[in-house]
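Have a look at the structure below, then the notes.
The values are calculated or read from the model by the stated rules, or taken from the named source; none is laboratory data. This is a predicted model, so every value here is computed, not measured. For neighbour counting, all protein chains shown are included, and Cβ atoms are generated from backbone atoms with ideal geometry for every residue, glycine included.
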Amino acid sequence: MSFWHVTKWVGLVIMVLVLAVTLARLFSGPEDAWVRDASGKWVAHGHPAGPPPAEDYRPPATERVLPLVVLVIAVAGLAAALLLSGRAPASREGLERNLRFYGALSLVSGALAVATAAALAATLAQGFCCGPGAEPLSNQSLFVILTAAGFAALLGLLALHAQVTKKVLEAHYDLKRTAALLQDTVERLAESLPKPTPP
């Protein structure tokens, strides 16, 4: 197994772990809030500022759907990385595998960046920190917001890097194909020329 192949898989595992920790922290909710226990009663988690919500309270759709969407995208990305994993481009098949791998990595990283940014924007739009009657941001809340924004930016950069790498590999593939065609044409031309006769 080549160094490149091992490094790529280690990087993928690190990315998945960072993603899991970030998503767990981002969607776990604030530290000081009311949460439902197993029997459906509201229990204080930390020191919530207000009274518990009504018994029939349901969280907004964004709090229920966005974590699931991000999880599905992450699992799909991991599956795509496993199925389309790139290898060193020693052959035409290796090059095509790398094109598929970097294409999938670019697509999944870009989708995760957009999903993370959308989740952050939806959370902020619901008045998490800036709405009417919202309390000033604590250091912990600011840290979570900046971490999510940084994570979205990092995923966006990863998507850009994978897309550029894919384009470079496509150019390499086209160059190799053109060189092979040129060599074939030169060989055919050399065969078609009349052979010089000795004097």
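Right, residue 148: in a helix (DSSP H, G or I), closer than 28 Å to residue 20 by Cβ and at pLDDT 85 or above or not? No.
So, in segment 87-136, of the ones that are among the hydroxyl-bearing types (Ser, Thr, Tyr) and modelled with pLDDT under 80, which residue ends up nearest to the chain's Cα centre (by Cα)? Write out each step before concluding.
Quick first cut of segment 87-136, residues among the hydroxyl-bearing types (Ser, Thr, Tyr) only: 91, 102, 106, 109, 116, 123.
Still in the list and also modelled with pLDDT under 80: 91, 123.
Working: 91: 28, 123: 20 Å.
Residue satisfying both the conditions and the ranking: 123.
Quick check on my filter: what residues within segment 175-199 are loosely packed, with under 10 Cβ neighbours inside 10 Å and either in a loop (DSSP other than H, G, I, E, B) or touching a Lys or Arg at 6+ places or on another chain (Cβ under 9 Å) (or both)? Selection gives 193, 194, 195, 196, 197, 198, 199.
Only one entry of 7, 62 meets the criterion of being in a helix (DSSP H, G or I), among the polar types (S, T, N, Q) and at pLDDT 70 or above, and that entry is 7.
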